[in-house]
1. Assuming a ≥ b ≥ c are the square roots of the Cα gyration tensor eigenvalues, decide whether the range 3-143 counts as rounded (a/c under 1.5), prolate (otherwise, with a/b larger than b/c) or oblate.
2. What is the sum of charges, Lys and Arg at +1 and Asp and Glu at -1, for the other residues whose Cβ falls under 13 Å from the Cβ of Ala43?
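Just so it is clear, none of the values below were taken in a lab; they were calculated from the coordinates. Note that this is a predicted model, so its numbers are computed, not measured. Note that we place each Cβ from the backbone using ideal geometry, even for glycine, and neighbour counts take in every protein chain shown.
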Amino acid sequence: MLVRDIMSSPALTVTADTHIPEVARLLRAHQISGMPVLDANGALLGIVTDHDLILRNAPVREPRYFAILSGYIPLNLEEHRHYKEQLRHTMAVTAGDMTEPDVPVVAPDTPLEHAMELMLDPSVTMLPVLEGDAVIGVVTRTDLVRLIEKLEGALDPEAAAESAEEEPVLAGMLEVILYVQNMGAMVAFYRDKLGLEIEGPADLDDYSGESWVLFDAGATKLALHSGGQGRTGEDTPMIV
């Protein structure tokens, strides 16, 4: 499955000169957590999120400094970095003033697994989708939630048949589910990492040992990197 199969398109965007109240209005009106910010030529500058708005209005706490002969040095570099970032947001007038640059991006043909790996980083709430220099969509946590709901439903044989007919994109995923036999563990893993509470067709913990097999190499690497819980083929708990 590719990013183009689940991305939200077209993406709601703002330009760098959009004023902050309008940014807040758009986020609230469309019930989204962030938007790509574009320059005058339509190129991506970064994203602006609800976190930026909260940071802009939060109390500013001055960091602690240590006095030396030539001036002052911060006692805590992370505290100092946060202070500078908060000042930047507090003085922001437009979306461009508080845009988060250097955000990870994906292409329409990027494998969905790679997009999921990127979004395991708590700081990554949105992935702009670029085709050339144009923003043609975004992948958000909501998009992943929709996919996870469909995958959990696909674990039920009857629901799988219906999903394959209604959602052609899922047909290929169902073949992978049946072949690998560990999608239940993968769904649980991604659900836990995203902090989701989703009701599936059955309790994943009640699956038989046959359904809980060893993660494949990609899943194992991801689990070892990010932390998670799975089960072996013998239904023995495995923490990685």
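1. It is prolate, given that a/c is not under 1.5 and a/b is the larger ratio.
2. Local charge sum for Ala43: -3.
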